[in-house]
1. Taking the options Ala162, Ala241, name whichever one is outside the structural domain of Ile126 (by TED's automatic domain parsing) and out of contact with any helix residue (DSSP H, G or I) (no Cβ under 6 Å at 6 or more places or on another chain).
2. List, please: which pairs have Cβ atoms under 9 Å, are six or more places apart or on different chains, and start with a residue in segment 74-103 that is under 21 Å from Ala53 (Cα atoms) and end with one that is of a type in the set (Phe, Trp, Tyr)?
3. Select the strands (runs of 3 or more DSSP E) contained entirely in segment 130-205, then report the ones holding at least 3 residues which are without any contact (Cβ under 8 Å) to a residue 60 or more places away in the chain.
4. Determine whether Gly193 is at positive phi and open to solvent by less than 80 Å² (accessible area, probe 1.4 Å).
5. Output the number of residues of segment 241-265 satisfying the condition of being part of a strand (DSSP E or B) and open to solvent by 30 Å² or more (accessible area, probe 1.4 Å).
6. From the set of residues in segment 140-190 that are under 14 Å from the mean Cα position of the chain (by Cα) and acidic (Asp, Glu), which is farthest from the ligand (Cβ to nearest atom)?
7. Considering only residues of segment 70-107 that are open to solvent by less than 10 Å² (accessible area, probe 1.4 Å) and not aliphatic (A, V, I, L, M), which is nearest to Leu138 (Cα to Cα)?
Amino acid sequence: MKKGICLLAILLLLPAARPTAAEDYRPVVGQQGKDVIWVPTPEDFIEAMLDAARVTSDDYVIDLGSGDGRIVIAAARRGARALGIEYNPDLTELSRHKAETAGVADRARFVTADIFASDLGRATVITMYLLPDLNLRLRPTLLGLAPGTRVISHAFHMAEWAPDETILVADREAYLWIVPARADGVWALRDGGAPSELRIVQNFQKIEGTVRPGLPIAVGQILGDRISFRAGAASYEGRIAGDAMEGTVNDGGSKRTWSASRTGR
Ligand SMILES: C[S@@+](CC[C@H](N)C(=O)[O-])C[C@H]1O[C@@H](n2cnc3c(N)ncnc32)[C@H](O)[C@@H]1O
């Protein structure tokens, strides 16, 4: 009997297996955030967004205002490395706990920080569910990311920067942009004969200009580092790498290469 009482006393003295604070935390939809409230993206729509952005294990995904971490965890489940930037430390802790439980903590990282004071330079994919004015504040930073970076925003646009693709599932929308390379400026174009002056005026992913004086560019566009335009009967396609570009031109059946180097902005 004495033995039983001793055992009971020991058991009562042992610390109970308490849940951690992160496990305890229950965010409430609509709760205040720094610049925008917390409203989670539904899991099935996250998959549609990640499909549209073609997220693979080669990607580094950053979710701006990562809430309870669900987008970051879903990206990590696809093998991507992913980072959530969230201002509310309780949400960051909860996200870390959820990533551990999902077995993706080695690829899903979370920091408590302000998205407007964070370095996004490593991202190959940016996801966000913010507000139109916040998207606009972020736009210059997003346009400065490496050409080809995919930006996907749940529900909200980027004003005159028209999306390259719209994702529609039931009544929910997201928009995808491919960060365009900078093509604006004056270029020395070598296209078979003597060099000519290619002038490009860029408006996000659209370009206008002239291939030589009097020959305007038509249906010009930039998709990541890829450029395409028409001039007269010729269709140009190519890739931009800094101040150089090269590609092929199809001139009514005959195909030849072209290249250009930027001489001024
Ligand atoms: C609408 S929720 C989206 C959550 C998550 N991205 C999703 O789609 O499920 C926006 C999140 O941004 C966070 N947030 C608001 N302002 C922020 C800021 N300046 N920096 C970092 N996070 C912020 C909020 O706390 C909230 O969790």
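The values are calculated or read from the model by the stated rules, or taken from the named source; none is laboratory data. Predicted model only: the values in this text are computed from it and were never measured. Note that we place each Cβ from the backbone using ideal geometry, even for glycine, and neighbour counts take in every protein chain shown. The accessibility values were calculated without ligands, DNA or RNA, using every heavy atom of the protein model including side chains. Shrake-Rupley method; radii C 1.70, N 1.55, O 1.52, S 1.80 Å.
1. Of the residues listed, the single one that is outside the structural domain of Ile126 (by TED's automatic domain parsing) and out of contact with any helix residue (DSSP H, G or I) (no Cβ under 6 Å at 6 or more places or on another chain) is Ala241.
2. Ala80/Tyr60; Arg81/Tyr60; Ala82/Tyr60; Leu83/Tyr60; Leu83/Phe110; Gly84/Phe110; Ile85/Phe110
3. It comes to 172-178, 196-203.
4. For Gly193, the condition - at positive phi and open to solvent by less than 80 Å² (accessible area, probe 1.4 Å) - is not met.
5. Here the count works out to 14.
6. Asp164
7. Looking at residues that are open to solvent by less than 10 Å² (accessible area, probe 1.4 Å) and not aliphatic (A, V, I, L, M), I get Gly84.
One line per residue, one yes/no per condition, for (1) of a type in the set (S, T, N, Q); (2) open to solvent by 50 Å² or more (accessible area, probe 1.4 Å); (3) out of contact with any strand residue (DSSP E or B) (no Cβ under 8 Å at 6 or more places or on another chain):
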site	(1), (2), (3)
Asp35	no, yes, yes
Thr41	yes, no, no
Ile46	no, no, yes
Ala52	no, no, no
Asp63	no, no, no
Arg109	no, yes, no
